[in-house]
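In what follows, a single structure is set out as structure tokens and then discussed.
All of the numbers you see were taken from the coordinates with simple rules; none came from a lab. Remember, predicted model here, so these are calculated numbers, not experimental data. Note: ideal-geometry Cβ built from the backbone for every residue, glycine included; neighbour counts use all protein chains shown.
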Amino acid sequence: GAPRERRRRRGRARARTEALLHTLKRSRRVKANDRERNRMHHLNAALDELRSVLPTFPDDTKLTK
């Protein structure tokens, strides 16, 4: 049989250097952390609003999540 030819990668499947991969991973992690922080901020704000409407027994008890 004929020897197989290597196929060139196209588009987003380019080979990347290790330093570039490290930078990309760090950037993605920072963005993911920021999204999670914002998500929790909005969730806690919504729960605070809900707590202000719900009755508590006794009155000085703070509701948990």
Please list, in order along the stretch 32-45, the HN-Hα scalar couplings obtained from phi with the Karplus expression 6.51 cos²θ - 1.76 cosθ + 1.60 (θ = phi - 60°), rounded to whole Hz, x for Gly and Pro.
5, 5, 5, 4, 5, 4, 5, 4, 5, 4, 5, 5, 5, 5
Where labels lie 7 Å past Cα in the beta-carbon direction, separation of THR23 and GLU49 in nm
4.1
Modelling each spin label as a point 7 Å along the Cα-to-Cβ direction, I'd like the ASN33/THR56 distance in nm, to one decimal.
3.2
Using the Karplus equation 6.51 cos²θ - 1.76 cosθ + 1.60 (θ = phi - 60°), what ³J(HN,Hα) coupling, rounded to whole Hz, does each residue of the stretch 54-65 give in order, writing x for Gly and Pro?
6, x, 10, 10, x, 4, 8, 7, 8, 6, 8, 4
